[in-house]
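The values are calculated or read from the model by the stated rules, or taken from the named source; none is laboratory data. It should be emphasised that the depicted structure is a prediction, and the values quoted were computed from it without experimental measurement. Reconstructed Cβ throughout: ideal geometry from the backbone, glycine too, with neighbour counts over all protein chains shown. Accessible surface areas use protein heavy atoms only, side chains included; no ligands, DNA or RNA. Shrake-Rupley method; radii C 1.70, N 1.55, O 1.52, S 1.80 Å.
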Amino acid sequence: MPLRPGQVLDGVPAPALFVASGLTQYLGAAVAVGLFDRLPAPTVAWLRIVVAAAVLIGWRRPWRTRWARADLMAIARFGVVLAGMNIAFYIAIDHLPLGTAVAIEFLGPVAVVAVTGRGWRERVAIVPAAAGVVLLAGVTLRTQGGSGVVVGLVAILAAATLWAGYIVLGRRVANQGARGQGVTSLGLAMAAGGLLFAPFLAHGALPVLHDLRLAGLVVVIAVFSSVVPYAVEQVVLRRVSAATFAVLLALLPATAAVVGALTLRQLPAWLDLAGLALVSCAIALTSLTGTGPVRRSRRRAAATTGSAGYDRPASPGDSA
């Protein structure tokens with residue numbers, strides 16, 4: 001029987017796992033940016049999804065589970081949205097600084113909580129989130145300009161919208177699926193998304209077949225940005241309080257900005273930092289609420305052994 005992430009990572013403090021996962025996730029995105037001069041950004045995203053699907057399916061062996069047709073259809077829909085979200089995100093980071101793109105993408109989950117929540121925090125959170133996004137977009141347009149920046153902003157807003165859909169569909173997959181099959185469902189979802197986009201993006205991946213170094217970097221991106229964050233999230237959601245997770249989650253835009261500055265020399269201006277702070281404030285507010293995605297994920301993770309918390313793609317990949 002496949003090992004659960006918690007069995008492998010027992011004894012490691014959850015906050016340390018989360019920080020390491022976030023750094024790994026955005027390092028994977030930084031490596032991806034470095035490949036955009038050799039492969040189209042959408043193709044890099046597609047390769048990441050396909051390789052991650054192969055790793056997760058090989059690890060979890062879904063053929064050992066009996067799946068209901070309704071569950072497989074839900075997983076397929078989830079996978080299409082997941083793939084689209086990642087492709088849109090990679091198009092965005094081809095034109096925008098990594099920290100800016102990650103912060104703007106968080107508008108998706110914040111908006112979901114603002115619409116579906118009932119407490120004051122959910123309603124208030126949309127204000128700093130929107131203000132931060134407007135500030136970041138304005139600074140980027142003013143300092144960089146050009147049609148490329150517009151393409152990046154449109155792509156990241158599309159990614160934010162798809163992230164909202166990812167949350168809604170991910171809840172259904174987690175709630176309807178077999179117990180303990182969260183990561184297994186994720187592997188199948190990635191496979192479905194990869195197959196759908198293959199006719200459009202697979203031809204751009206031909207250089208990978210003739211360059212071992214390029215193929216190795218694609219594997220690094222898939223493992224760093226998808227496999228590690230999704231697996232670690234299962235452990236973290238079960239082991240930390242909502243307050244602790246809120247703080248950790250709010251650090252992700254700043255983490256992405258630091259990685260972008262150190263690896264890609266994307267140095268943020270003061271107004272960029274103000275925008276990041278506003279978005280982080282919104283993330284913390286929505287994550288602290290009793291009806292928000294963090295506590296729902298933690299309750300589901302505690303009730304369903306091994307089930308992933310789909311409310312946050314670490315980047316979340318989720319999407320990063």
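For this structure, a couple of remarks:
- Accessible surface of region 47-172 [probe 1.4 Å, protein heavy atoms]: carbon and sulfur percent: 67
- Inter-probe distance in nm under a simple model that places probes 7 Å from Cα toward Cβ, at Leu271 and Leu196: 3.7
- The length gained by stretching the chain between Ala70 and Val150 to full extension, at 0.36 nm per residue less their Cα-Cα distance, is 24.9 nm.
- Portion, in percent, of the accessible area of region 196-235 that falls on carbon or sulfur, probe 1.4 Å: 80
- Packing-based order for 183-189, 218-224, 36-42, 156-162, using average beta carbon neighbours within 10 Å, highest first: 183-189, 156-162, 218-224, 36-42
- His203, His210, His95, ranked by accessible area, largest first (probe 1.4 Å): His210, His203, His95
- Rolling a 1.4 Å probe over the heavy atoms of the protein chains gives region 37-153 an accessible area of 42 Å² per residue.
- Test item: Cα-centred dipole of region 1-127, Lys/Arg +1 and Asp/Glu -1 on Cβ, debye: 600
- Gyration tensor (alpha-carbon) shape descriptor, region 30-161, a/c threshold 1.5: oblate
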